[in-house]
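Here's the structure, in C-alpha cells; my notes come after.
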Amino acid sequence: MHSQWRVRLSELRLGWPILIGALLGVAIGNAALPFYTAGVFVIPLEMEFGWTRTQLSAVAFAGTITIVACAPIVGAIIDRFGVRLPAAISFFFLAAAFFSVSLLQGQLALYLTIQVCAAALCLASTPLAFTRVVNEQFHHSRGMALGITLAGTGLAAAFAPPLISQVVEAYGWRAGFRTLALTVVIAAPVVILLLSMRRQRPSTHLGETAIPTAPLPLREAWRNPIFLRLLLAFAILALGVCGYVMHLIPMLTDQGMSVAKAAALQGQLGFAVIVGRVAVGVLVDRYFAPRVAAIVLSFTVLGLVALAAMGPVAAAPAAFAIGFALGAEVDLIGYLTARYFGLASYGRLYGVLYGSFVLGTGLSPILVAELQARSGNYQSALWVNAGMVVVAVLLFATAPRFPSALSAAEEPAPADGLLKHSQIKGAS
C-alpha cells in the first residue's frame, strides 16, 4: 500500500505541469466557458435583438448535434497529430467566436453559424483533448489526475458567471463577450506551454500499461460489445440526469420553495460535480471502475426516487446525488476508454463516447420538459429518469474486467484490436 501511494505521488510530482495545463485548458475551453456563461447573455440578447429563449435554445442544440457529428473526426486528428497543435488552433477559433458574437447586429442566422462553427472547430479545447494527454502521463494515479483535470469545469462554473455578469452590468454584453475572448487569448498560451513540459513517467514494478500495438478502428468498435455497452451506459445516464441542471430550480419552486433557496441547492449541485469528479477519480485508482460507477449511481437512483416521493424535503441530498453522478460520468469516459482500449485509438473512441454523452445532455432537458408538460408535474419525469439510471447501473455492474497484459515475450499480437493492460492491485 505504501509503495503504491509513493508511486502515485511520484507521478503527480513529475506530471504536475501537464495536470495544471489540462485543468486550465478544460476550464477555458469550449465545453466550459461558453456553457456556464451562456445564461448571463440571455436577457441582454433578448432585449437587444428580440431573440426568444426558444430560438437561443435551438441554437445551443444545433451546437450539440455538431459536437456529436464532429467529435470522432477531431478525436482521430488528435490521435494523429497529438494534443498541442489541435488545442492551439481550437483556442484561436474559440477566441475568434467570442469576439465575432460581440460584433453581431441582430442576424440570428449569423449567430447560429458562429455557434455551429465553434462547436466543430473548438472541440480540441475540450476534455476530448486534455483527457488524452493526462492518460498518457499518468497510470497509477490516472483516475485522480482525470478527476482533477475535469474539475476545471467546476472552476469555470464557480468563477466565470459572476465575473462576466459584472462586466456585462458595467459595460454591456458586447464587452462581456470580448472579455471572454481576451481570457482565452491570455490563458491559452499558458496551457500550451504547460502541456509542452511533459516528463518521463516513473517506471515501477507495480505494472505498466503495455505499449499499444494496434488501434481499434471505429468500424470494429461498433461491433465490440464492451464499446457498445459503454456507449449505451453513458448516453442513457446523461439522458437520465443532465436535465436537472436546467429543471431543478423550476421543479422546486413549483413545489413551493423560494427561488433563493432553490438557487442555493442548484449551487450545491455544482459543488457535488467537483466532489464527484475528484472522489470518483481517487476511487477508480484503487477499485474496479465500473463497480465504483454502479455504486455511485445507485445513490443517484435513490436521490431521484426520494425527490419523486418526498418532494422538497429530499431536495438537498437529491441535488448532491445528481451532481455527484454528473461529476463521475465525464471522469469515467476518459478512464474507461483508456483502460479498455488503450491510447492508440483513444481520440476517436473517446469522441464517440463523449458525443453520446453530449447528445444525452442536450436531449435530457427536452425529455424532462415534455414529461412535465404531459403530467403537469415533475414526478413522472423523476420516476422515468430513475429507471434510466437503473439501466446504467446494471450495465456498469455487469461490465467485464479490464484486459490484462502478458509479459513482452508472452504477449501475442492482438487480433481483435483490443489493447493489453496490466492489472493494478485492487483494479478488478
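Bear in mind these aren't lab numbers, they're just calculated from the coordinates by the rules spelled out. Keep in mind the model is a prediction, meaning the values are calculated, not measured. Cβ atoms come from the backbone with ideal geometry, glycine included; neighbour counts cover every protein chain shown.
Here are the numbers:
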item	result
Degrees, to the nearest 10: 379-397 long Cα axis against longest axis of the chain	10
Choice from 383, 16, 222 with maximal GNM fluctuation in the chain (Cα, 10 Å cutoff)	222
Overall Cα dimensions of the chain - principal axes, largest extent first, Å	69, 48, 41
Once exposed loop GluC sites (Glu not before Pro) are cut out (DSSP; at most 16 other Cβ, 10 Å), longest piece of the chain	1-207
Hydrodynamic radius of segment 230-357 per Kirkwood, over alpha carbon pairs, in Å	15.2
Against the rule of thumb 2.2 N^0.38 Å, how large the Cα Rg of segment 63-107 comes out	1.42
Pairwise label distance in nanometres, residue 254 with residue 219, each label 7 Å out on the Cα-Cβ vector	4.7
Descending principal axes extents, segment 282-350, alpha-carbon based, whole Å	48, 24, 15
Longest segment of the chain lacking trypsin sites (Lys or Arg not before Pro) that sit in a DSSP loop with at most 13 other Cβ atoms within 10 Å	1-198
Relative contact order (%) - criterion: Cα under 8 Å, at least six apart; region: the chain	25
Residue of 163, 343, 128 that the Gaussian network model of the chain assigns the largest fluctuation, springs spanning Cα pairs under 10 Å	163
Residue among 312, 225, 365 with the largest mean-square fluctuation in a Gaussian network model of the chain, springs linking Cα atoms under 10 Å	225
Net length gained if the chain between residue 57 and residue 190 were fully extended (0.36 nm per residue, minus Cα distance)	44.6 nm
For segment 38-112: span of alpha carbons on each principal axis (Å, largest first)	45, 22, 20
Over the chain: helical MRE at 222 nm, DSSP H runs n ≥ 4 each giving -39500 (n - 2.57), nearest 500	-26000 deg cm²/dmol
